[in-house]
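Since the structure comes first, as structure tokens, the remarks are kept for the end.
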Amino acid sequence: MKKILFFACLLILATGCDTKQKEAAKAQARVDNAKQLVEEGNLNAAKIELDSVHLLYPRQVEVRRNAKALMDSIVYIEAKRNLSYSDSLLQPLLPEVDKMLKQFNNEKNGEYENYGRYVHKQLPTSRNIDRCFIQAYVNEDVRTTLKSYYYGKKAINHESVTFAVGEDYLTFTGTSHAFEDGGGKYEILTLAEDDAIAALSFIGNHENDKIKVTLKGSGEYAYFLNKNEKKALAETCQLALTMRDVRQLEQQINVANGQIAKYESK
């Protein structure tokens with residue numbers, strides 16, 4: 001009986017070792033295939049193959065270690081590619097931004113503002129007192145703001161602004177602020193950033209059209225944007241979108257540089 005148990009144990013051990021060796025071989029075959037895919041430039045397929053090693057063969061520690069090392073090299077290759085590609089897109093945009101900024105003033109109150117803002121030379125508040133107008137600007141941290149200003153002898157408590165060209169229109173709501181000065185009623189409606197971009201894009205797309213602006217609340221008031229306003233708002237839109245692209249590319253470059261430095265420091 002003892003001999004039977006002894007040989008049974010040997011058989012179990014042999015079977016277990018054989019199974020482990022087969023698993024190791026299968027796992028290594030996937031790693032080898034991933035290496036071939038990397039050499040062929042098929043990085044996504046290689047990553048899928050390496051992920052399957054961790055998923056299917058969790059006990060194959062040594063093979064998984066090799067898979068991890070190969071995955072790190074793939075991340076490095078992709079980071080180098082992303083760095084080159086993002087930089088190739090970024091460099092042409094930088095002189096474009098510098099050129100656009102010539103049409104803007106940088107305004108900042110150092111006492112309570114961390115970031116200045118780029119305000120088009122046609123849209124400063126100081127030149128638009130006591131009238132209804134749309135002001136937009138891009139902060140140095142690349143946030144875009146659009147404000148609808150109302151001035152009149154009677155408050156309308158405007159809670160929405162509509163931009164319309166014929167039957168094509170967009171309506172936005174926002175945060176309201178109102179005050180009175182010298183008998184005049186002042187109301188400011190500030191849009192959320194995504195709405196600000198959408199409104200500016202609408203104006204930019206219809207720069208050559210007659211754009212009607214309608215303010216609504218407890219009352220209603222409507223006016224048309226003049227040529228200079230449309231041009232200034234369209235240029236503000238272009239600056240906002242280009243600066244967003246620049247920021248996104250710079251972030252991608254920073255990530256790629258971090259990945260490259262991490263790999264090269266090993």
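Observations on the model:
- Sites residue 254 and residue 212 - FRET efficiency at Förster radius 41 Å, r taken between beta-carbons, to 0.05: 0.40
- Region 58-79 and region 124-167 have Cα centres spaced 55 Å apart.
- Tensor-based shape of region 107-244 (alpha-carbon gyration tensor, a/c under 1.5 rounded, otherwise prolate or oblate): oblate
- Theoretical ellipticity at 222 nm over the chain - DSSP helices of four or more residues, -39500 (n - 2.57) apiece, nearest 500: -19500 deg cm²/dmol
- For region 110-125, backbone phi angles converted through the Karplus equation (6.51, -1.76, 1.60; θ = phi - 60°) give residue-by-residue couplings of x, 6, 9, 10, 7, 10, x, 9, 9, 10, 4, 4, 8, 10, x, 4 Hz, Gly and Pro being listed as x.
- Tilt relative to the chain, helix 61-101 - C-alpha long axis, 0 to 90 degrees, to 10: 20
- Dipole moment magnitude, nearest 20 debye, the chain about Cα centre, only Lys, Arg, Asp, Glu C-beta charged: 980
- Ligands, DNA and RNA left out, the 1.4 Å accessible surface of region 223-266 is 49% carbon and sulfur atoms.
- Taking amide hydrogens as placed 1.01 Å from N in the peptide plane, the amide H of residue 132 sits under 5 Å from those of 151, each at least 5 positions away in sequence or on another chain.
- Nearest 10 degrees, 0 to 90: helix 2-39 Cα axis against the chain principal axis: 40
- Sparsely packed loop sites in region 141-194 (the GluC sites (Glu not before Pro) outside DSSP H, G, I, E and B with at most 13 other Cβ atoms within 10 Å) comprise 167.
- Region 129-189 shape via C-alpha gyration tensor axes, a/c threshold 1.5: oblate
- Rounded to whole numbers, the Karplus 3J(HN,Hα) couplings from phi for region 155-164 are 5, 10, 6, 5, 10, 8, 9, 10, 9, 9 Hz, using 6.51 cos²θ - 1.76 cosθ + 1.60 with θ = phi - 60°, and x at Gly and Pro.
- Largest GNM mean-square fluctuation across 140, 111, 250, computed for the chain with C-alpha springs under 10 Å, falls on 111.
- Rounded tilt (10° steps) of 193-205 against the dominant C-alpha axis of the chain: 70
- Kirkwood analysis of the Cα pair distances in region 149-226 returns a hydrodynamic radius of 13.0 Å.
- Taking amide H as placed 1.01 Å from N in the peptide plane, the amide H of residue 211 sits under 5 Å from that of 225, each at least 5 places away or on another chain.
- Protection-proxy order for peptides 208-215, 146-153, 97-104, each taking the mean of Cβ atoms within 10 Å per residue, highest first: 146-153, 208-215, 97-104
- Size descriptor, Kirkwood hydrodynamic radius, that averages inverse alpha-carbon separations across the chain, Å: 23.8
- Relative contact order [Cα under 8 Å, 6+ residues apart], the chain, whole percent: 17
- Take region 76-205 with all the other protein chains still there, run a 1.4 Å probe, and you get 56 Å² of accessible area per residue.
- Applying the criteria of a DSSP loop state and at most 10 other Cβ atoms within 10 Å to the GluC sites (Glu not before Pro) of region 51-108 yields no site.
- In order along region 247-262, phi translates into HN-Hα couplings of 4, 4, 5, 5, 5, 5, 5, 5, 4, 4, 4, x, 5, 5, 4, 5 Hz, rounded to whole numbers, per the Karplus curve 6.51 cos²θ - 1.76 cosθ + 1.60 with θ = phi - 60° and x for Gly and Pro.
The values are calculated or read from the model by the stated rules, or taken from the named source; none is laboratory data. Just so it is clear, the model here is predicted, and its values are computed rather than measured. Note: ideal-geometry Cβ built from the backbone for every residue, glycine included; neighbour counts use all protein chains shown. For the accessible areas, the whole protein counts, side chains as well, though only heavy atoms, and no ligand, DNA or RNA atoms are used. Shrake-Rupley method; radii C 1.70, N 1.55, O 1.52, S 1.80 Å.
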